[in-house]
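Asker: My questions all concern the structure below.
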2 protein chains.
Amino acid sequence: MPRWEQGSADRLTKAALELFEEQGFEDTSVVEIADRARVTTRTFFRYFPDKREVLFAESDRIRTALVQAILDAPEVTEPLQVVITALTGFDWTGPGRELQRRRHAVIAANPGLLERELIKQNDIAIEFIHALQRRGVEEAAARLATRAGMQVFATAYAHWVEGDDGADLRELTDAATALLRTLLPADPSGPSPAEPRSRARYLP
Amino acid sequence: MPRWEQGSADRLTKAALELFEEQGFEDTSVVEIADRARVTTRTFFRYFPDKREVLFAESDRIRTALVQAILDAPEVTEPLQVVITALTGFDWTGPGRELQRRRHAVIAANPGLLERELIKQNDIAIEFIHALQRRGVEEAAARLATRAGMQVFATAYAHWVEGDDGADLRELTDAATALLRTLLPADPSGPSPAEPRSRARYLP
DNA sequence: CACCTGATGTCACACCATGACATCGGGGCC
DNA sequence: GGCCCCGATGTCATGGTGTGACATCAGGTG
């Protein structure tokens, strides 16, 4: 195929993004997308397993890169820091900031696509947990570190994109981590009735 | 309608559960479910917005009860404890332990239903966050407390159902909370390069 | 009895998704 | 050059999902 010609997958993604912006996700049929990309619907489904997936082609690349970052982290690093560092170290601009913004806006505007985004995030979390376990982290700790780390990052990221001041993303994650710590009861004797903890089943 | 006769919705749910057990979710059509329940597919879609939802009718009741538990918690309670207490205080056996077990087994065996379960949990999380905010908790804290609390509960619950010893669910959540605390860097000076924190944007 | 109302059935239709097979065009090999 | 192979795409047929419009039927009520 000549290099100057976009592949069908790219044309389909572009067409879908445009149509979703123009008339919404639900009111756009696969036929319309395929027509605009000058292919048949059969070709659409050869490239994407279903209609929603057309906006999530990058997802695989992102997930793989993040998991690799976790596996590559220095051995001594604490699991929560491993997760947060992987997330903050990733280049989220991807294939162009503007395209990324449009894609995100379309997803945010459509419940169906939001669901798919949630699934994708969950897939990433699952692989994070496995990656941490491969680093020797025990399962319960891996689950907690992953979910907490992703939520901490989400909190920081939200403040980062909407923040007026050019705060550093790392500093924001530190602040979010600190906030999370304030939510946990103090360690030796908490506000709860000072029952001494029964043997901590999950501690190493 | 005579009292001794089950309503269509109940018959549909029962039929669907049986068929999903017998031949799987994907290989069961709405037509089959409707036939076994002695109604038409049109009636199926009057009671359930889509095929998956047939196993999640209880979801609304559960979500409502949990949110109410959060709103009813004593005013002084810390947000994380509010979430955990709401979850541990709920009667998860619902409409019969055996039915609940079958339903859960079917969901666990089908990716499509697992996705829906994830969505439902997310819906619950969103309402938890709103409920906490109504209690005066700031948004970032509400998000972190909700996600952390749900994950802590999930960790404890998993150990509870698979545990041989009859450990108390409350003790298990305490243990999981303690584990989460060990994952966070120590508060005043952590293992990270001792950069003094810039003003903590999220602290009260 | 006539009427109303809620639940259900009937019919038609659009869309999503996939299997089976045909076609077409370019690159390599003799 | 001519042939063949193969990957990408098109064509056709089909099954399942989900919804709107309207008909029907039963029970309760005046």
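The values are calculated or read from the model by the stated rules, or taken from the named source; none is laboratory data. What you see is a predicted model, and the numbers here were worked out from it, not measured in a lab. Using ideal geometry, Cβ is built from the backbone for each residue, glycine included, and neighbour counts are taken over all protein chains shown. Just so you know, the surface numbers come from the protein's heavy atoms only, side chains and all, with ligands and any DNA or RNA stripped out. Shrake-Rupley method; radii C 1.70, N 1.55, O 1.52, S 1.80 Å.
Asker: To the nearest 0.05, what FRET efficiency results for A:Arg101 and B:Arg135 with a Förster distance of 30 Å applied to their C-beta separation?
Answerer: Step by step, r from the Cβ atoms, then E = 0.30.
Asker: For chain B, what does -39500 (n - 2.57) per DSSP helix run (n ≥ 4), summed and divided by total residues, give at 222 nm, in deg cm²/dmol to the nearest 500?
Answerer: -20500 deg cm²/dmol
Asker: While we're looking at this one, here's another question. Taking a probe of 1.4 angstrom, what is the accessible area of B:Tyr47 in Å², to the nearest 10?
Answerer: The accessible area comes out at roughly 120 Å².
Asker: Still on this structure, I have one more. Within a 10 angstrom radius of each residue's Cβ in A:134-141, how many Cβ atoms of other chains show up on average? Whole number is fine. Don't jump to the answer; show the numbers that get you there.
Answerer: Values: counts 0, 0, 0, 1, 1, 2, 11, 6.
Per residue, the average neighbour count from other chains is 3.
Asker: Relative to the other copies, what are the label-point distances for A:Arg101, with labels 7 Å from Cα along the C-beta vector, expressed in nm at one decimal and sorted shortest first?
Answerer: From this label point to the equivalent ones elsewhere in the assembly: 5.6 nm.
Asker: Please work out the average accessible area per residue across chain A, using the 1.4 Å probe convention, and give it in Å².
Answerer: In whole numbers, chain A has 55 Å² accessible per residue.
Asker: Give the residue from A:Ile129, A:Ala109, A:Val152 lying farthest towards the positive end of the charge dipole for region A:90-183; charges sit on Cβ (+1 for Lys and Arg, -1 for Asp and Glu) and the dipole is referred to the Cα centre.
Answerer: Most positive-ward Cα: A:Ile129.
Asker: For region B:140-163 and region B:2-78, what is the separation of their Cα centres, given in Å?
Answerer: So the separation of the two Cα centres works out to 25 Å.
Asker: Taking N as the number of residues in the protein assembly as shown, what is its Cα Rg relative to 2.2 N^0.38 Å?
Answerer: 1.10
Asker: Tell me the distances, shortest first, between B:Val76 and the same position across the other copies, using label points 7 Å along Cα→Cβ, in nm to one decimal.
Answerer: 4.4
Asker: For the pair A:Glu162 and A:Trp92, what calculated FRET efficiency results from E = 1/(1 + (r/R0)^6), where r is the Cβ-Cβ distance and R0 = 25 Å, to the nearest 0.05? Working shown, then result.
Answerer: Numbers: r = 15 Å, r/R0 = 0.60.
With R0 = 25 Å, the Cβ-Cβ based efficiency is 0.95.
Asker: If you don't mind, there's one more thing I want to ask. Mind pulling the angle between the C-alpha long axis of helix B:139-162 and the longest principal axis of chain B? Nearest 10 degrees, somewhere in 0 to 90.
Answerer: Here the helix axis deviates by roughly 60 degrees.
Asker: Moving on. Charges only on Cβ, +1 for Lys and Arg, -1 for Asp and Glu: so what's the dipole of the protein assembly as shown about the Cα centre, in debye to the nearest 20?
Answerer: The dipole magnitude comes to about 520 debye.
Asker: Please report the relative contact order for region A:56-182, taking Cα pairs under 8 Å with a sequence separation of at least 6, and give it as a percent rounded to a whole number.
Answerer: Working: 86 pairs, mean separation 36.8, N = 127.
Rounded, it is 29 percent for region A:56-182.
Asker: For the ranges B:32-38, A:68-74, what's the packing order if you count other beta-carbon atoms within 10 Å of each residue, average per peptide, and put the highest first?
Answerer: Ranked from most to least packed, the peptides come out as B:32-38, A:68-74.
Asker: Additional query: Let me know the whole percent of all Cα-Cα pairs from chain A that are separated by more than 30 Å.
Answerer: Cα-Cα pairs of chain A separated by over 30 Å account for 38 percent.
Asker: Put a label point 7 Å from Cα along the Cβ direction on A:Glu138, then list its distances to the equivalent points in the other copies in nm, shortest first.
Answerer: So the label point of A:Glu138 gives 3.4 nm to the other copies.
Asker: Still on this structure, I have one more. Report, in debye and to the nearest 20, how large the dipole of chain A comes out about its Cα centre when Lys and Arg carry +1 and Asp and Glu carry -1 on their Cβ.
Answerer: The calculated dipole for chain A is roughly 620 debye.
Asker: For chain B, find the longest principal axis of its Cα atoms and tell me its angle to the long axis of helix B:79-89, 0 to 90°, nearest 10.
Answerer: That works out to roughly 30 degrees.
Asker: Against the longest principal axis of chain A, how steep is helix A:8-23, in degrees 0 to 90 to the nearest 10, with axes from Cα atoms?
Answerer: 80
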